[in-house]
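S.K.: Have a look at this one before I ask anything.
Where a number appears in this text, it was derived from the coordinates with a stated rule and is not lab data. None of the values given here were measured: they were computed from a predicted structure.
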Amino acid sequence: MITDTMLSTAAAEADQVIQNSLPAKEECDHHFSPHFEGKMRRVLLKERHRAVYQFLRRAACFVTAILLVGSVWLAVDTEARAAFFAWVKERYETYVVYRFAGEADKQANAMHYEPAWLPEGYEKAKESISEAGAFYVYQNKEGEMISFICSEGTDATALFLISDDTTAKKVSVDELPADFYQASDEETSNALVWLSETGDSVFCITAPLSEQTLIQIAESVKKE
Amino acid sequence: MIFYLSIIETPEEKSKLEQIYLEYRGLMFHVANSILHNEQDAEDAIHQAFIKIAENIQKIDEPVCPKTQGYVVTIAENKAIDLYRRRIKHPMVEMDDEVPGISFVYEGENALTACILKLPARYREMILLRYHYGYSVKEVAAIMGISFSAASKLDQRAKNKLKDLYKKEEQS
């Protein structure tokens, strides 16, 4: 008669025997192929984004878009760092990620953008500027908010946008291609995302406003 | 409208999966390559292993610890054996028996431990995942990439084989 306790104890010992039979992990040096590193980068990215998505969904408040900063996913793949220099859009089932990978242009990072026009009644309520980019929140007397994010290609920065309750549509901002995300209900913010002409900056406006109004705000964006 | 927007800055924080990857990928490769004897195949097996680890990452509390090492080695072995079976393309090879896994020697005195270590790799992996790592049959099915029904059968066959071996061990 084998009881569960016996099985559990023996299984733990068997596992230890197997571990003892293996070389120390420091001795297992292998130069992985670039193909493997590339595939693993995608696995790690997906896991990171899944964790962010779950975190945001667990949050008590509704979150539309955030700017993620860090060199986490490229830390494992230095060759990829040199290979990429662009904002890349990756669409997943429930979210969209605009990811920048590459060496940042330090000169460009010194500059920030801001909308020159907003619908009447909105005033700046919050401002945050870092090396990764800038974001501003504007609020009217009714408490309605407009957010504006811009990021100018800091290494491994990503714009993370929840999209499971939205419909995506291609639009234009000053003749530049843009993505408009229409929320399924009026209480949720719509979002507009576009890249600069040179492709090294990403912009995102979120607000419970119409497509035309968001585009009008977007077309007013100027360098500070 | 409830709305919140934030910038998250975590330049130094590595995900749990990345910590596991950086810590154990070499060891996992060693395990897979010892079964497949082909570096490219071993990398493919490790890639598959990490996909499964990522899908079940919530079950891992501590990314770098002996238990996690044992777990990822088990998954690496499992995926390498899967690939081995696909590579030999031999439909008559019994799925669960006689596929070589990690080599080891046991000199201890626990008869049941000795029997677990004598099990075919696939059975041993099932026993370890169920009774050491605490996964349910459903979770093992997801890790191994097989149906719940197939995992239930595998679990039953592994236990039956273990009972037979243990009985013989006791009789001798």
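S.K.: Hey, what do the phi angles of region A:135-152 turn into as Karplus ³J(HN,Hα) couplings, whole Hz, using 6.51/-1.76/1.60 and θ = phi - 60°, x for Gly and Pro?
M.R.: 9, 10, 10, 10, 9, 9, 5, 7, x, 6, 10, 10, 10, 9, 10, 9, 9, 10
S.K.: How much length is gained if the chain between B:GLN40 and B:GLN156 is pulled fully straight, taking 0.36 nm per residue apart and subtracting their Cα-Cα distance, in nm to one decimal? Kindly include the intermediate steps, with their values, before the conclusion.
M.R.: Details: separation 116, 0.36 × 116 = 41.76 nm, distance 3.38 nm.
Between B:GLN40 and B:GLN156, full extension yields 38.4 nm more.
S.K.: Given the C-alpha centroids of region B:121-158 and region A:1-53, what is the distance between them in whole angstrom?
M.R.: Result: 16 Å between the Cα centres.
S.K.: Sticking with this structure for a sec: For a quick check: with amide H placed at 1.01 Å from N, whose amide H comes under 5 Å from A:LEU209's, ignoring anything fewer than 5 positions away on the same chain?
M.R.: For A:LEU209, the qualifying residues are A:ASN190.
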